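A.B. asks: Please find one structure pasted underneath; my questions will follow.
The values are calculated or read from the model by the stated rules, or taken from the named source; none is laboratory data. Since this is a predicted model, take the numbers as computed values, not measurements. What goes into the accessible areas is simple: the full protein's heavy atoms, side chains included, and nothing from ligands, DNA or RNA. Shrake-Rupley method; radii C 1.70, N 1.55, O 1.52, S 1.80 Å.
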Amino acid sequence: MDTPAARFRDPRSTVYDFLDLVLVRCPGCAGAARVVRVPGDEGPGGRHLFAARRLVCRGCGASRTYSGTPPTFPLGAAGPATDPYFGRPLWLRAETRHGTLWAYNLDHLDLIRRFVGASLRERAPWYDTGQKMTLVARLPVRVKRAGNRGELLRALDRMRAGAPVEDGGA
């Protein structure tokens, strides 16, 4: 039996930190495709969130370019598990009896797994400066409950097992 990690400290990541690579379902072959930032495009004012994106599938060769409309994020945990640029279903998603669990990429999945698996979860002190509403702070209550840990860890492991091998490129 896996023993939970002893401690998790919130790294103060936000959902925006995981948008350079998003794994989605390909519109052509329904395999795993990647939504990546176009190299060299920093976005207006250096804001990566609004930089040009490209959807690329290595399986069928499908390629789409992001139109430049503002990205659309799900409204809380009940929103659809889609990427914010093309609206394609996320590749890393799993249904549990508590609802849908999803991640944009393997780094995002790893952060959620480390949080769920920890028996001691620490936030930054209230008096410390910096980001307060981090990705971990915004996780739904069903993910934070220790009673759901076993089922969620199994779902996260299934998602990791079904993930495509990442080599850093598009």
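A.B. asks: I want to confirm something. Restricting to segment 106-121 and keeping residues that are open to solvent by less than 60 Å² (accessible area, probe 1.4 Å) and either at pLDDT 95 or above or assigned to a helix (DSSP H, G or I) (or both), which single residue is nearest to ALA6 (Cα to Cα)?
C.D. replies: GLY117
A.B. asks: Sort out which residues of segment 82-105 are assigned to a strand (DSSP E or B) and of a type outside the set (A, V, I, L, M), and write them in order of number.
C.D. replies: THR82, PRO89, ARG93, GLU95, THR96, GLY99, THR100, TRP102
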